[in-house]
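Visitor: Could you have a look at this structure, given as structure tokens, before my questions?
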Amino acid sequence: MESQLVIDDSELDEEGFLVTAVGNDSNEIDDISAQIWSLEVRAASRDNEAIDTTEGAEKYMLSLESRELRRQAQSLRIRRTEFVAGELNHRIDMKEFTQFAASAAPE
């Protein structure tokens, strides 16, 4: 169950294989980026289905799904940006500490 994924058929290639790369060794930024990609692909798929359908209720539901998927993708973009900013601040803090420790070391 840990490796189970919920995917959309729009994420599969012509032969039925998952297009995105998923692995246990990926970092959090890669995981978030993969989720964003998946949401965007699914939203685009809903948009295309809405264009192709003539039924008003179905078109409306597909439009709602697309909007929600894009909202989720935007939330993940914000999360990814905050994560990257936090990582950058941590690296800057460590660099300043290292420089301070090196300059304070007795000769």
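Read-outs throughout are calculated quantities, based only on the coordinates presented, and are distinct from any laboratory measurement. Just so it is clear, the model here is predicted, and its values are computed rather than measured. Don't worry about glycine lacking a Cβ; one is built from the backbone with ideal geometry, like all the others, and counts go over all protein chains shown.
Visitor: Taking 8 Å as the Cα distance limit and 6 or more residues as the minimum spacing, I'd like the relative contact order of the stretch 30-86 as a percentage. Intermediate results must be reported in sequence, preceding the final value.
Guide: Working: 42 pairs, mean separation 25.9, N = 57.
Relative contact order comes out at 45 percent.
Visitor: What full-extension length gain, to one decimal in nm, is calculated for Leu18 and Ile51 as 0.36 nm per residue of separation minus the Cα-Cα distance?
Guide: 9.4 nm
Visitor: Sticking with the crude label model, points 7 Å out along Cα→Cβ, report the distance from Val84 to Arg71 in nm, one decimal please.
Guide: It works out to 2.5 nm between the two label points.
Visitor: Next up: Work out how much length Ser33 to Asp9 would gain on full extension: take 0.36 nm times their residue separation and subtract the Cα-Cα distance, in nm to one decimal.
Guide: The Ser33-Asp9 span can extend by a further 6.7 nm.
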